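The structure appears below as structure tokens.
The values are calculated or read from the model by the stated rules, or taken from the named source; none is laboratory data. Please read these numbers as outputs of a predicted model, since none were measured by experiment. Backbone-built Cβ (ideal geometry, glycine too); neighbour counts: all protein chains shown.
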Amino acid sequence: MTLRRSMLFLPGSNAAMLSTAFVYKPDSIMFDLEDAVSLREKDAARLLVFHALQLPVYRDIETVVRINQLSTPFGPKDLEAAVRGGADVIRLPKTDSAEDVHQLEAEVERIERASGREFGSTKLMAAIESASGVVNALSIAKSSPRLIGIALAGFDYVMDMQTERGDGTELFYARCAVLHAARAAGIDAFDVVYSDVNNEEGFLKEVDLIKRMGFNGKSLINPRQIELLHNAYAPTEEEVDYARRVIAAAEQAERQGLGVIALNGKMIDAPIVNHAKRVLSRAQASGTRK
Amino acid sequence: MKIVKEALAGTLESSDLMVKVAPASDGTLDIVINSEVIRQFGAQIEKVVRDTLGKLDVTEGLVVIEDKGALDCAICARLQTAVLRGAECQDLDWSVLS
């Protein structure tokens, strides 16, 4: 089970951050070639990311590269650098339709064949940043077997909706739509960046909301938010204890050839067992909640 | 690859480097390396610089490196960027950039 609670954004043009970000231990590191890089540094960032991807220190962390849109002069070159550099995942910005993903998928296939990279090894994720993207979320989420998740990107979305970031009301429908689309497609869902990095209380409030909604995790712009996020997603000791008892009961039932089992008078079925496994995975990754 | 104009890449921030390339006036390749860690890593930095220039087939020009403790991958990337800018090269040959 791959945990994707935290996806840390790094500006692709910052050599120091690219060289050291692994120490913060996010679940995924996202090298950004899009909005965080000025137009005149796009070429430099592309090469920095291409080489950083090949650093041994990133072998144990999922690497994601946010490319520019393929319709820009930068996007196709970014994609070459990311796929040839060995990125685990390509993040497509401003995804409005399944066709955007199909176009990306075709280009990734071409580059994998040309570079000798294992076919199918480059995964994709789509960032939804507009009303059109939200409306088409389900078809986007089901558009490619390479998709590992879809992400809601808040800033562009609220601009498109002619509103602004606030208490979350402005994201209510989009969060629900993106999350349901991801779950219907069997892929992960990522929530928006929380940009007020000094507001720990506000950040944790938002994390509590999106965790209860069912999001896998969140895009982050500051390493300080990683530990807060991981701790909030960590199960309590009581939850871990219950998960262990569920797994033990399920294993015993399997040995006895029983289909349906009960624990403390409550029926235990496959979804509950899967949830228990997820709880133990999170506990193994980050311990229990402090 | 022939350097046809002056070009810069990088920054002077810690863990980065600034690279300047310029056309050669006399057909030679001159490399100047200034680094805060020249005593410990001077030879390794020069090796990365010469290997990178070799792959790009840069045989003449002036290359000035102001290193602030960058990793090899950053040295390679910044030097490639400066050379590609100095050579006005838009088409990337990934086999020589690896």
* Could you say whether any residue in the stretch A:173-185 is within 17 Å of A:Lys94 (Cα to Cα) and touching a Ser or Thr at 6+ places or on another chain (Cβ under 6 Å)? -> no
* Structure fact -> Within the stretch A:137-192, the count of residues that are touching a helix residue (DSSP H, G or I) at 6+ places or on another chain (Cβ under 7 Å) and modelled with pLDDT under 95 comes to 4
* What number of residues within the stretch A:1-34 are touching a strand residue (DSSP E or B) at 6+ places or on another chain (Cβ under 8 Å) and either facing another protein chain (nearest Cβ under 10 Å) or among the charged types (D, E, K, R) (or both)? -> 8
* To do: Only residues that are under 15 Å from the mean Cα position of the chain (by Cα) and surrounded by fewer than 16 Cβ atoms within 10 Å (Cβ to Cβ): list them for the stretch B:32-41, please.
  => B:Val32, B:Asn34
* Single residue of B:Asp93, B:Asp51, B:Asp67 found to be within 14 Å of chain A (Cβ to nearest Cβ) and buried (at least 18 other Cβ atoms within 10 Å of the Cβ) -> B:Asp67
* Asked: Does A:Glu41 satisfy the criteria of being over 20 Å from the mean Cα position of the chain (by Cα), under 24 Å from A:Val193 (Cα atoms), of a type in the set (Asp, Glu) and assigned by TED's automatic domain parsing to the domain that holds A:Asn136?
  -> yes
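Condition check ((1) out of contact with any Phe, Trp or Tyr (no Cβ under 9 Å at 6 or more places or on another chain); (2) among the charged types (D, E, K, R)) across all residues:
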residue	(1), (2)
A:Phe215	no, no
A:Leu220	no, no
A:Glu239	yes, yes
A:Tyr242	yes, no
* To do: Name every residue in the stretch A:13-31 that is within 18 Å of the chain's Cα centre (by Cα) and buried (at least 24 other Cβ atoms within 10 Å of the Cβ), in order of residue number.
  => A:Pro26, A:Ser28, A:Ile29, A:Met30, A:Phe31
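From the set of residues in the stretch B:4-21 that are touching a helix residue (DSSP H, G or I) at 6+ places or on another chain (Cβ under 9 Å), among the hydrophobic types (A, V, I, L, M, F, W, C) and surrounded by fewer than 18 Cβ atoms within 10 Å (Cβ to Cβ), which is nearest to the other protein chains (Cβ to nearest Cβ)? I'd like the intermediate steps shown before the answer.
Taking the stretch B:4-21 as the starting set, the residues that turn out to be touching a helix residue (DSSP H, G or I) at 6+ places or on another chain (Cβ under 9 Å) are B:4-11, B:13-21.
With among the hydrophobic types (A, V, I, L, M, F, W, C) added as a condition, the list becomes B:4, B:7-9, B:17-19, B:21.
Remaining after also requiring surrounded by fewer than 18 Cβ atoms within 10 Å (Cβ to Cβ): B:4, B:8.
Numbers: B:Val4: 16, B:Leu8: 10 Å.
Per the criteria, the residue is B:Leu8.
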